[in-house]
Every structure is written in C-alpha cells, then in structure tokens.
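K.L.:
First, the structure itself, so that you have it in front of you.
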Amino acid sequence: MDRDQKSAAVAELNRTFSESGVVVVTRNLGLSVTQATALRVKMRDAGASYKVAKNRLARIAAEGTDYTSLSDLLTGPTALSSSKDPVAAAKAVVEFAKTNDKIEIVGGAMGSTVLDVNGVKALAELPSLDELRAKLVGLIQAPAQKLASITQAPAAQLARVFSAYAEKDAA
C-alpha cells in the first residue's frame, strides 16, 4: 500500500467509526474465502459491515473518535464489524461464531463503552431496532383494537337479539 491508499483507508475507517453505533473486533483464525464471503453476506443482510484492516491503520483511524479504546484489542489478525444499529453487528457475528470455530470474538465497543466477549454476546441477545419498533407499534395499536371491539360489541348483541325475535316471529 502506498501513502495515498493508506490515507484513504484511514479516512474510510475514521468515517466508519464516526457513524457506527457498535464496533465488534474479531480474530480471524484461518477463515477461507468462502467462509469470509458468507460472513460478509450475513453482515450485509443484517445492515452491518465486516472489514479486515491493518491494525496500525485502524488505531490511527480510531484516534479522535469514541472508539480509541479499541486500540488494545487490535493485535494479531483482526477484523472490524460495525453497524449503525447497536445490535446488528454483534448479533450477526455471534450467530456466525456459533457455527464456525475459525472466528473468535475479541471484544468491541459501543461508543466509548468497551465490551468484552460476554458484553458482545449479551448485546447480541437484545432485540434489534426493527424488532423494538414492531413491538412498540403493536403496543400502541392494541388499545385501539380493544376499544373498537368494545364499542362494536353492544351493536352486535342488539343485532343478535333482533335476529332472534325475527326468527321467533317467523316460526
């Protein structure tokens, strides 16, 4: 890599750190190309990204952001998973790590808060932002549905009474 490529990589990583809600650091223990591609696809589907970056460039890019504390985790063959949603990257990495022993979760950070392996796993168990939105809409919508069914119930009962009188008179 020449200087221009390095400065572009640092700028891109800095932008990633600035825009991310969470960054998870993983250690690559010999992932094949197909496994890495499968992980990237899973991450993309979850709304996250997976980047292998030089540790030195990642440390330089993290300076001046909330993720400066990640510098201690960047040793050996590492990769960075990030997402705007604080749960998406952690969830995708943990799910992939369950089925593949060639990737190890080192830790991560959520803003200035450093997460260890257990912290990343706990974060992965939380519902995603979309799931929380769906639950909230369901909670807001439920009282309206109950109110509508309560107001319709007396009218339905009256209709059944009239129907019963009509059938009685017809018989």
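K.L.:
Could you state the accessible area per residue of the chain in Å², with a 1.4 Å probe and every protein chain left in place?
P.N.:
Per residue, the chain has 62 Å² of solvent-accessible surface.
K.L.:
Can you list the lysines whose alpha carbon is less than 17 Å from that of Lys51, not counting same-chain residues fewer than 8 positions off?
P.N.:
Result set, ordered by chain and number: Lys6, Lys42, Lys84, Lys91, Lys102.
K.L.:
Give the carbon-plus-sulfur fraction of the accessible surface of the chain in %, rounded to a whole number; probe 1.4 Å, heavy atoms of protein chains only.
P.N.:
57 percent
K.L.:
Give me the dipole magnitude in Debye, nearest 20, for the range 21-171 about the Cα centre, with unit charges on the beta carbon: positive for Lys and Arg, negative for Asp and Glu.
P.N.:
Around 320 debye, computed over the range 21-171.
K.L.:
Within 11 Å, Cβ to Cβ, of Lys42, how many net charges do the neighbouring residues add up to if Lys/Arg are +1 and Asp/Glu are -1?
P.N.:
Here the charged neighbours net out to +1.
K.L.:
Plugging the Kirkwood radius over Cα pairs into Stokes-Einstein for the range 66-109, at a temperature of 20 °C and a viscosity of 1.002 mPa s, what D comes out in µm²/s?
P.N.:
In µm²/s, the coefficient is 187.
K.L.:
Let me ask something else. Under the rule of at least 5 residues apart or a separate chain, name every residue whose amide H is placed under 5 Å from the amide H of Ala53.
P.N.:
Leu80
K.L.:
OK, next. Between rounded, prolate and oblate, where does the range 1-40 land on the alpha carbon gyration tensor, with a ≥ b ≥ c its root eigenvalues, rounded for a/c under 1.5, else prolate if a/b exceeds b/c?
P.N.:
It comes out oblate by the Cα gyration axes.
K.L.:
Summing Lys, Arg as +1 and Asp, Glu as -1, what charge do residues with Cβ under 15 Å from the Cβ of Asn14 carry, Asn14 excluded?
P.N.:
So the environment of Asn14 carries a net charge of +2.
K.L.:
Could you state how much accessible area Ile140 has, in square angstrom rounded to the nearest 10, with a 1.4 Å probe and all protein chains kept in place?
P.N.:
120 Å²
K.L.:
Have a look at the range 79-137 and give its Rg and Dmax from the Cα atoms, expressed in angstrom.
P.N.:
11.9, 40
K.L.:
Express the Stokes-Einstein translational diffusion coefficient of the range 1-90 in µm² s⁻¹, to the nearest whole number, given a Kirkwood radius over alpha-carbon pairs, 25 °C and a viscosity of 0.890 mPa s.
P.N.:
Stokes-Einstein gives a translational diffusion coefficient of 184 µm²/s.
K.L.:
May I pose another question? What number results when the radius of gyration of the chain, computed over Cα atoms, is divided by 2.2 N^0.38 Å?
P.N.:
1.69
K.L.:
Among Ala36, Val117, Ser69, whose Cα lies farthest out toward the positive end of the dipole of the chain, if unit charges sit on the beta carbon of Lys, Arg (+1) and Asp, Glu (-1)?
P.N.:
Looking along the dipole axis, the top candidate is Ala36.
The values are calculated or read from the model by the stated rules, or taken from the named source; none is laboratory data. Just so you know, these numbers come straight off a predicted model, no measurement behind them. Heads up, the Cβs are rebuilt from the backbone with ideal geometry, glycines too, and the neighbour counts pull from every protein chain shown. Keep in mind that these areas ignore ligands, DNA and RNA; they rest on the heavy atoms of the full protein, side chains included. Shrake-Rupley method; radii C 1.70, N 1.55, O 1.52, S 1.80 Å.
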